[in-house]
Amino acid sequence: MRSSRAGWSVAGLIAGYAGLAASYCMAMVLTTRDAPVTAIAERIIRLTPGPVVERAIKVLGHWDKPFLLLVILLGAGAAFAWAGLLARRSWWAPVIVYGVLALVGAAAVRWQPRGATIDLLPVAVGFATWLVCLSLLTEPLRRLAAAPEPAPGSAPPAGTEHTRRTFLLRAGLILGASVAAGGVGRVVGRGRRHVEEARRLLRLPGVTEPTLPPGVRLDVEGITPWATRAEDFYRIDTAFVVPAIEPVDWRVRIHGLVEREVVLTYQQLINRRMTQAWITLNCVSNEVGGDLIGNAWWSGVRLADLLEEAGVQPGADAVLQTSEDGWTCGTPLSVLTDSRDAMLAVAMNGRPLPIEHGFPVRTIVPGLYGYVSACKWVVDIEVTRFADIEAYWTQRGWAEKGPVKIASRIDVPRGGGEIATGGARVAGVAWAQHTGIQAVEVSVDDGPWQRAALGTVPSSDTWVQWAATLDLAPGDHVLAVRAIDAHGETQTGEEHGTVPDGATGWHRIKVTAVEPDEDEEG
Ligand SMILES: Nc1nc2c(c(=O)[nH]1)N[C@H]1C(S)=C(S)[C@@H](COP(=O)(O)O)O[C@H]1N2
Ligand SMILES: [Mo]
């Protein structure tokens, strides 16, 4: 092996495939769309002229995609072996080869439909794996190459055999780890695909498509859409691997301080009467002006009815919800049994819940932050007392109760942006779920508060769009917004961070007012 090029190309190959295995495993665990190699294959198919693709399908039948993957894997293998050979002379040449391959993978995953920045993580993991494995494997090869040439017929110098064994041992370990990573990725990925399929085939009686209520939308360019698409909806959870639950395997158990335990299957749940409502959900970790908030059309079964069937015992004041992955939250019993639309939701925007948003069943409670109410993948509902429980985030210093605070946000113009002098449109959203927003006011440079126009909303459980027209003198300004809730309470300007129960303070942005046609006139 010592003087052979084979050792070096084998090192390159093993490191290369180890990187692919790592990136595949990472992609499956993240449950992002495709592994980088698959994304590259998709991209190639997209870029290939239609007639060529048709010809390929004719010749290869269903084997067209496996064939393409094989070609890509072989091509990558050639590049990996080459990178190994290059490592013989310089440390940076293989880094460049791997770097170029990683860039191709990054481009493919980033520009797949609905690609997101997180999709780049598997590529980064693969790249790091390449570098680490290659240096682990080439290090003994370098030592072998540096050893003096033995005299013809004499035994190789002491230590050579040991170095050789080091190489083989490392190669074996890396190969074994790669196979294991590939296996984990496969299992995780298969479960996920199965559930995706089950989800796609579901038909939910009583679940209707959302239709935008009249008047919710104000006509301002750049304003945040009133209804949030599922793919644009913020996502917060502690799940490293998103639970993939088959609807047929799902059960929820309502127990604890109840007269009789209630256990429901998914089928039993969706056979019940559906409640549907527009409800805005937001996160307690949302900073002032932040975007951890979304508004969707939720369909589900009222929790008040289910709790009534179970028969809550006197003395209970809380419900401890547990998700399939063991996350917990404590919710006041009162908000689950009053007239609001607290529900076990099965659909978001007229479609079964996306897996990331809690498929097959999650809780939605208008008026509370997600961390104390919106349990995704919920499987257990225990009626209890706050005095007897601690939930995931309350154990970590967040408040036991999490009613939403009045808040408002400026979306147009963007902070730091330009705005026209004289008659510029300023707009955004304001929310105080289950209380409602009565008015929104804006101020310029801490001047007097001026009333904004509001969109109409179907209930107090959603955010509301607001817009105002401001007359600004040329130059820099600070705009601020505040809301007044339906009870007449004005949003406080006192600034407070998100811990322990939600941020307060007015959203303020800096803008520069310029004459509208200044540019044209030079
Ligand atoms: N199982 C589970 N449910 C959860 C969480 C979680 O970490 N695990 N996070 C909660 C928090 S903090 C919020 S803000 C909402 C976010 O819901 P979304 O990801 O659908 O927007 O889910 C809640 N439900
Ligand atoms: Mo949250």
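Values quoted throughout were computed directly from the atomic coordinates according to the rules given, and no laboratory measurement underlies them. Everything quoted here is computed from the prediction, not taken from an experiment. A quick note on method: Cβ atoms are made from the backbone with ideal geometry, for glycine too, and the neighbour counts reach across all protein chains shown.
Side notes on the structure shown:
- Mean residue ellipticity (222 nm) of the chain, computed from DSSP H runs ≥ 4 via -39,500 (n - 2.57), nearest 500: -11500 deg cm²/dmol
- For the range 230-396, convex hull volume per residue from C-alpha positions, Å³: 112
- Potential lengthening of the chain between Lys401 and Arg190 amounts to 72.1 nm, from the contour at 0.36 nm per residue minus the alpha-carbon distance.
- P(r) for the range 76-179, from all Cα pairs and a bin width of 5 Å, is 2, 11, 17, 18, 16, 12, 9, 6, 3, 2, 1, 1, 0 %, short bins first.
- Applying 0.36 nm per residue to the separation of Leu69 and Val100 and subtracting their alpha-carbon distance, the gain on full extension is 9.3 nm.
- Protection proxy ranking, peptides 266-277, 340-351, 367-378, average beta carbon neighbours within 10 Å, highest first: 367-378, 340-351, 266-277
- For a straight C-alpha distance cut-off of 16 angstrom, the aspartates and glutamates reachable from Lys401 (same-chain residues fewer than eight places away being disregarded) are Asp317, Asp388, Glu390, Asp501.
- Alpha-carbon Debye profile of the range 131-173, log10 I(q)/I(0) at 0.20, 0.24, 0.28 Å⁻¹: -0.62, -0.80, -0.96
- Cross-link table Lys405/Lys510; Lys376/Lys510; Lys376/Lys405, entries beyond 28 Å C-alpha to C-alpha: Lys376/Lys510
- Kirkwood-based Rg to Rh ratio, the chain, C-alpha trace: 1.08
- Sorted from greatest to least, the principal axis extents spanned by the alpha carbons of the range 158-263 come out as 85, 54, 31 Å.
- Annotation for the range 408-439 versus the range 280-314: alpha-carbon center distance of 25 Å.
- Of the three principal axes defined by the Cα atoms of the range 407-521, the extents in descending order read 50, 31, 21 Å.
- Sorted largest first, the spans of the alpha carbon positions of the range 5-189 along the three principal axes are 63, 33, 29 Å.
- Measuring r between the beta carbons of Ser334 and Thr512 and using R0 = 60 Å, the FRET efficiency lands at 0.80.
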